[in-house]
Amino acid sequence: MIKEILDINKYYENKFISFIDKNISFDAVVLDAGSGNGRLKEVFKKSNYVSLDFCKVKKEYNKVDVVGDIQYLPLKIHLLML
C-alpha cells in the first residue's frame, strides 16, 4: 500500500514538474526550496535555477546556491498562479 501511494505521488510530482518546465520562459527564475541533492537542476537548465536548502540532514548535498530558511530570505518572489 505504501509503495503504491509513493508511486502515485512521484507520478503527479513528475507531471507537475514537466508542466512547469514546459510553461516557463527561458529567463524565468526557478527557486527550488528544499532542493536537497539538486535533482531538478538538470530539468530546469534552460531557466535561472536557484537551489535553496537548510543542509541540516546528514546526507550528501550537491552544490546548493543558498543555504538557509526560505522564511528569512530577502527575496522578491513572483508566484505562478495555476
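Could you grab the relative contact order for the chain? Cα pairs under 8 Å, six or more apart, rounded to a whole percent. Could the numbers behind the result be given before it?
On the way: 77 pairs, mean separation 18.1, N = 82.
Here the relative contact order equals 22 percent.
Ranked highest first by average number of other Cβ atoms within 10 Å, how do 8-21, 49-62, 30-43 line up?
So the peptides 8-21, 49-62, 30-43, ranked by packing, come out 30-43, 49-62, 8-21.
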Which label in (1) 1.20; (2) 1.11; (3) 1.45 gives the computed Cα Rg over 2.2 N^0.38 Å: (1)
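Calculated from DSSP H runs of 4 or more alone, at -39500 (n - 2.57) each and per residue, what is the 222 nm mean residue ellipticity of the chain, nearest 500? Display every interim value, and only then the final one.
On the way: 1 runs with 22 residues, N = 82.
Value at 222 nm, helices only: -9500 deg cm²/dmol.
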Spin-label zone in the stretch 1-35 - amide nitrogen under 20 Å from a point set 7 Å from the Cα of Tyr61 along the C-beta vector: 30-35
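So how much slack lies between Ile24 and Tyr12, counting 0.36 nm per residue of separation and subtracting their Cα-Cα distance, in nm?
Details: separation 12, 0.36 × 12 = 4.32 nm, distance 1.84 nm.
Contour length minus the Cα-Cα distance gives 2.5 nm.
Read-outs throughout are calculated quantities, based only on the coordinates presented, and are distinct from any laboratory measurement. Just so we're clear, the structure is a prediction, and the values are computed from it rather than from any experiment. Cβ atoms come from the backbone with ideal geometry, glycine included; neighbour counts cover every protein chain shown.
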